[in-house]
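Step one of this worksheet: look at the structure below.
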Amino acid sequence: MIESTVLLGIKLDGTDTDLEVRGIDGAYTRASLGDEVLVSVVPTGEASVALNATLREGADESVIKAGDMLDVQYRYVKAPREATNPPWIDLLNEASLTIRRKNMYAMYPLLVSAMDNFLYRQCLLYYRWEGYSLEKAQEQVDSYGGNYGPSRYDIVEDIFEDLGIGDLTESIYDEEWEWFCNMNNERNDVVHPDANLLSQVGRSDAIKNFNKVVDVMVKVFDHIWIDNQTALLKSLVSYRFSR
């Protein structure tokens, strides 16, 4: 299904002359050619669009007349019908729900599991970017670990280092990663309690920790990725918990 369209440029058919395209009210699907022509491109189906060009009357100077052919360049984005979230997104969603349900203790294991899956998938994405098949990428990542694959420490230190990215613990985000590791110690107290009673987890602290984990994910992404992948960064920021 075509989700969105963007006009890129317009020429008079059969010429190399680019016509100046002006956006209208911030729209990327409609454009004005000078003062005389309005052009729009609108999705009409799963793989089709409708193009429309309208001449304005009374233009001061006319470079296009009725019957002229336009070469319209546009880009469209298709949305998969049955896309599923990666596990770390679902885990973040569930962690936010535990806060709203006032089950603060359950949040910590979910946040740590989300981070672990996020780190693993970032390595897969990097190997895939380098041309590995999915199977080979998984084998490469899993070669760093034991029976259950690499630990988060294998990833941020050894795998990142071997990829030429650099050890996260020696980067500008060292303090953020250290905070996450300390937060994980609190998680261990929740998952593996001893005879002592667990300390109460306040809602404000839970929200703060949720948001900080998301921030650490953004910083890890910035550390590892070499391309401008702003869409994912925006999706991460959108998962910050709001009161």
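The values are calculated or read from the model by the stated rules, or taken from the named source; none is laboratory data. Since we're looking at a predicted model, the values are computed, not measured. Cβ coordinates were reconstructed from backbone atoms using ideal geometry, including for glycine residues, and neighbour counts include every protein chain displayed. Side chains included, ligands, DNA and RNA excluded: accessible areas come from the protein's heavy atoms. Shrake-Rupley method; radii C 1.70, N 1.55, O 1.52, S 1.80 Å.
Which of (1) among the hydroxyl-bearing types (Ser, Thr, Tyr); (2) surrounded by 13 or more Cβ atoms within 10 Å (Cβ to Cβ); (3) within 20 Å of Ala79 (Cα to Cα) is the odd one out, the single condition Ser48 does not satisfy?
Among (1) among the hydroxyl-bearing types (Ser, Thr, Tyr); (2) surrounded by 13 or more Cβ atoms within 10 Å (Cβ to Cβ); (3) within 20 Å of Ala79 (Cα to Cα), Ser48 violates only (2).
Yes or no, residue by residue, for (1) open to solvent by 70 Å² or more (accessible area, probe 1.4 Å); (2) at pLDDT 90 or above; (3) closer than 30 Å to Arg101 by Cα:
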| site | (1), (2), (3) |
| --- | --- |
| Gly145 | no, no, no |
| Asp162 | yes, no, no |
| Glu176 | no, yes, yes |
| Asn184 | no, no, yes |
| Asp194 | yes, no, yes |
| Arg203 | yes, no, yes |
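Anything in the range 84-111 that is within 18 Å of Phe221 (Cβ to Cβ) and part of a loop (DSSP other than H, G, I, E, B)? List them, or say none.
Hits for the range 84-111 are Asn85, Pro86.
Collect the residues in the range 167-179 that are within 22 Å of the chain's Cα centre (by Cα) and within 27 Å of Glu139 (Cα to Cα), keeping them in residue-number order.
If the condition is that a residue be within 22 Å of the chain's Cα centre (by Cα) and within 27 Å of Glu139 (Cα to Cα), then Leu168, Trp177 are the ones that fit.
Working only within the range 205-243, note down all residues that are among the basic types (Lys, Arg) and modelled with pLDDT of 60 or more.
Lys208, Lys212, Lys219
Within the range 112-135, is there a residue that is assigned to a helix (DSSP H, G or I) and over 23 Å from Lys219 (Cα atoms)? Walk me through how you get there before you give the answer.
Of all residues in the range 112-135, those assigned to a helix (DSSP H, G or I) come to 112-129, 134-135.
Then keep just the ones that are over 23 Å from Lys219 (Cα atoms); that gives 134-135.
Yes: the range 112-135 contains one or more residues that are assigned to a helix (DSSP H, G or I) and over 23 Å from Lys219 (Cα atoms).
Looking at the range 118-136 only, could you name the residues that are surrounded by fewer than 16 Cβ atoms within 10 Å (Cβ to Cβ) and under 28 Å from Gly202 (Cβ atoms)?
Across the range 118-136, there are no qualifying residues.
Count, please, the residues in the range 12-27 that happen to be open to solvent by 50 Å² or more (accessible area, probe 1.4 Å) and in contact (Cβ under 8 Å) with a residue 24 or more places away in the chain.
2
So how many residues does the range 1-10 have that are closer than 15 Å to Gln73 by Cβ and open to solvent by 50 Å² or more (accessible area, probe 1.4 Å)?
Result for the range 1-10: 1.
If a residue has to be at pLDDT below 75 and surrounded by 16 or more Cβ atoms within 10 Å (Cβ to Cβ) to count, how many in the range 34-45 make the cut?
2
Hey, can you tell me all the residues within the range 147-160 that are open to solvent by 20 Å² or more (accessible area, probe 1.4 Å) and either polar (S, T, N, Q) or in contact (Cβ under 8 Å) with a residue 60 or more places away in the chain (or both)?
Listed by number, the residues that qualify are Asn147, Ser151.
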